[in-house]
Structures are given as C-alpha cells and as structure tokens.
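**Student:** Here's a structure for you.
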Amino acid sequence: MIQIAPSLLSADFLHLEKDILLVNAFADLFHLDVMDGVFVPNISFGFPVVEAVARQAEKPLDVHLMIVHPEKYVERFAKAGAQMISFHYEAAREASADIIAQIQALGVKAGIVINPDCPVQAIFPLLDKVDFVLLMSVFAGFGGQAFIPETIGRIQAVRAELDRIGRPDVPIEVDGGIGPANAADVVAAGAEILVAGSSVFKADDPAKAIRAMRG
Ligand code: DX5
Ligand code: ZN
C-alpha cells in the first residue's frame, strides 16, 4: 500500500492547525522534520511543535531527525507523540544498531536515513533490524529542492537487498522533491512511503495534490 506523508516543513507555521486539518483526511502519515543546525545547516522545530501537531493529527507522526546524538532525544520524541522515528546513519554510524533497538523499545517504529551521497551498502547490515528505510532524494536540510534522479537506482538496490534477506515487507520511504510528476517512478522502483512538502502545501489544493500522487 502506498502511503503519502505530507511534510509540515512546508506548511504555514502561523496556521499549522489549518494546514493539518486540510490534509488530515487524505494523508497517511504526518512527516515532521527536526533539524538542529549542526547535522544540517538549518533549524526547524522541536518537542513543543511535535506535541502540538499530535493533538490535531489523526494520522501517525513520522519524525525525521536531522540531528547529532539522536540517542539523547528519541525518548522525548516518542513521548511527544511520534509513532515512527528515523535518524541519519551519518550522524550515528556504529551506534546505529543500538539506537534502532532503543527506538523499538519505546514502542516506536525505527527507521534509518541516508543522504544521497552515502552508499546504500552502508546500511545493508542494519536492514535486518529496521522497521523502515528512509532514502533522501535531496540533501537533508531544506524543503523545495529538486528530486535527484539517481535516487531511483538506490531505491531499487535497497529493495533488492530487503527482498534478498527475506524482509520484503519493510517499507522504503523517499523524501525530497516528490510530487505528482515523479511519484509513479519512485513507487515503481520499490518505494511505499512518499514524503511530500512543497508539492502538497504549496499547491492550491493540497488534498488534490495528495490524490494526484496516489493516482
Ligand atoms: C528535507 C526534509 C524534507 C522536506 C521535503 O531536509 O527532510 O522532508 O520537507 O520537502 P519537499 O517535498 O519540498 O522537497
Ligand atoms: Zn524529511
């Protein structure tokens, strides 16, 4: 099943409630981008915003951590209402397996994320542990960037490895530059969760944009 995860990074922060209500019935997940200004050159939002979104969102919260030392904060994001938490392999390296276990022990689905310049093979040793994989199709840090076409081959490679190790049900999430024009290609390559920020919240009709991607 294809899941559409609107990224609130592109929502109207002065009227977050309005934007949540606009997509509540049409989205499958809410994607929340947490940036610390250290791992990525941008700062977005943290716990109070996630807690506030949790009060209105009728779909699970998918928290994408673009931060150093994710192990220090996953418990608080779980308490804030996250049902899925992903963190960057580049920020955790050899600690990644322990952080996956830490997230899962909180009753939250754990995902590993890599940027476009990280070889997919780097996360192959973690594929028997994760609940989902998040492949960046832009460099983490900003919304509104163009989809990097090489992502298609990377999705195929991770999908093939998940199949090979007997975990075909582990979903691949793709994040960055996704909209109605390329959603079908991303899904054909083997992705199931599509993050979409600008293409949803900058559209005249966000619900229609989500429907177009599903189609
Ligand atoms: C980028 C974030 C993305 C971003 C996607 O660092 O991880 O989730 O919000 O935005 P669009 O869909 O506009 O590329
Ligand atoms: Zn994201």
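**Student:** Between Arg93 and Val49, what is the FRET efficiency for a Förster distance of 35 Å, r being their Cβ-Cβ separation, to the nearest 0.05?
**Tutor:** Numbers: r = 28 Å, r/R0 = 0.80.
My answer for the efficiency is 0.80.
**Student:** Please give the charge dipole size of the chain, origin at the Cα centre, charges +1 on K and R Cβ atoms and -1 on D and E Cβ atoms. Round to the nearest 20 debye.
**Tutor:** Details: 17 positive and 27 negative charges, 44 e Å.
Taking the Cα centre of the chain as origin, the dipole is about 220 debye.
**Student:** Suppose R0 equals 45 Å. What FRET efficiency, 1/(1 + (r/R0)^6) with r the Cβ-Cβ distance, do Asn24 and Gln121 give to the nearest 0.05? Present the calculation step by step, with values, prior to reporting the outcome.
**Tutor:** On the way: r = 39 Å, r/R0 = 0.86.
Using R0 = 45 Å, I get an efficiency of 0.70.
**Student:** Can you work out the FRET efficiency for the pair Val38 and Glu161, with r the C-beta to C-beta distance and R0 = 41 Å, to the nearest 0.05? If you can, show how the numbers build up before the last one.
**Tutor:** Working: r = 30 Å, r/R0 = 0.74.
Calculated value: 0.85.
**Student:** Report the extension gain between Asp169 and Arg211 in nm, rounded to one decimal, defined as 0.36 nm multiplied by the number of residues separating them, less their alpha carbon distance. Walk me through the intermediate numbers first.
**Tutor:** On the way: separation 42, 0.36 × 42 = 15.12 nm, distance 2.39 nm.
Using 0.36 nm per residue and subtracting the Cα-Cα distance, I get 12.7 nm.
**Student:** Could you give me the ³J(HN,Hα) list for the range 82-94, computed from phi with Karplus coefficients 6.51, -1.76, 1.60 and θ = phi - 60°, whole Hz, x at Gly and Pro?
**Tutor:** Listing the rounded values in order: 6, 9, 9, 10, 10, 9, 7, 4, 5, 8, 10, 6, 5 Hz.
**Student:** Let me ask something else about it. Hand me the GluC sites (Glu not before Pro) from the range 122-215 located in a DSSP loop with no more than 14 other Cβ atoms within 10 Å, in residue order please. Intermediate values should be presented prior to the final figure.
**Tutor:** Numbers: sites: Glu150, Glu161, Glu173, Glu192; in loops: Glu150, Glu192.
Taking the range 122-215 and a limit of 14 other Cβ atoms within 10 Å, the loop GluC sites (Glu not before Pro) found are Glu150.
**Student:** Where the accessible area of the range 3-214 is counted over protein heavy atoms with a 1.4 Å probe, how much of it, in %, is carbon and sulfur? Each step should come with its number before you reach the end.
**Tutor:** Numbers: 4850 of 8990 Å².
So the carbon and sulfur contribution to the accessible surface is 54 percent.
**Student:** What number comes out for accessible area per residue over the chain if the probe is 1.4 Å? Units Å², please.
**Tutor:** Values: 9290 Å² over 215 residues.
On a per-residue basis, 43 Å².
**Student:** Still on this structure, I have one more. I'd like the Karplus ³J(HN,Hα) series for the range 106-114: coefficients 6.51, -1.76, 1.60, θ = phi - 60°, whole numbers in Hz, and an x wherever there's a Gly or Pro.
**Tutor:** Those phi angles translate into 7, x, 10, 6, 10, x, 10, 10, 10 Hz.
**Student:** How big is the accessible area of Ile67 in square angstrom, nearest 10, if you roll a 1.4 angstrom probe over the protein chains?
**Tutor:** Per-residue accessible area (Ile67): approximately 10 Å².
**Student:** Return the sequence-ordered ³J(HN,Hα) values of the range 52-58 in whole Hz as given by the Karplus equation 6.51 cos²θ - 1.76 cosθ + 1.60 applied to θ = phi - 60°, using x for Gly and Pro.
**Tutor:** Values, residue by residue: 5, 4, 4, 6, 9, 6, 9 Hz.
**Student:** What percent do you get for the relative contact order of the chain when only Cα pairs under 8 Å and 6+ apart count?
**Tutor:** Reported as a whole number, the value is 21 percent.
**Student:** Tell me the label-point distance for the pair Arg76, Asp128, using the 7 Å Cα-to-Cβ offset, in nm and rounded to one decimal.
**Tutor:** 3.5 nm
**Student:** Another one. Give the ranking of Met1, Met213 by solvent-accessible surface, highest area first, calculated with a 1.4 Å probe.
**Tutor:** Numbers: Met1 160, Met213 10 Å².
Ranking Met1, Met213 by accessible area, largest first, yields Met1, Met213.
**Student:** Which parts of the range 34-77 would a label at Gln145 reach, counting a residue when its backbone N lies under 15 Å from a point 7 Å out along Cα-to-Cβ?
**Tutor:** Answer for this model: 34-44, 65-67.
The values are calculated or read from the model by the stated rules, or taken from the named source; none is laboratory data. Computed from a predicted model, the values in this text were never measured in an experiment. Cβ coordinates were reconstructed from backbone atoms using ideal geometry, including for glycine residues, and neighbour counts include every protein chain displayed. Surface accessibility is based on the protein's heavy atoms, side chains included, excluding ligands, DNA and RNA. Shrake-Rupley method; radii C 1.70, N 1.55, O 1.52, S 1.80 Å.
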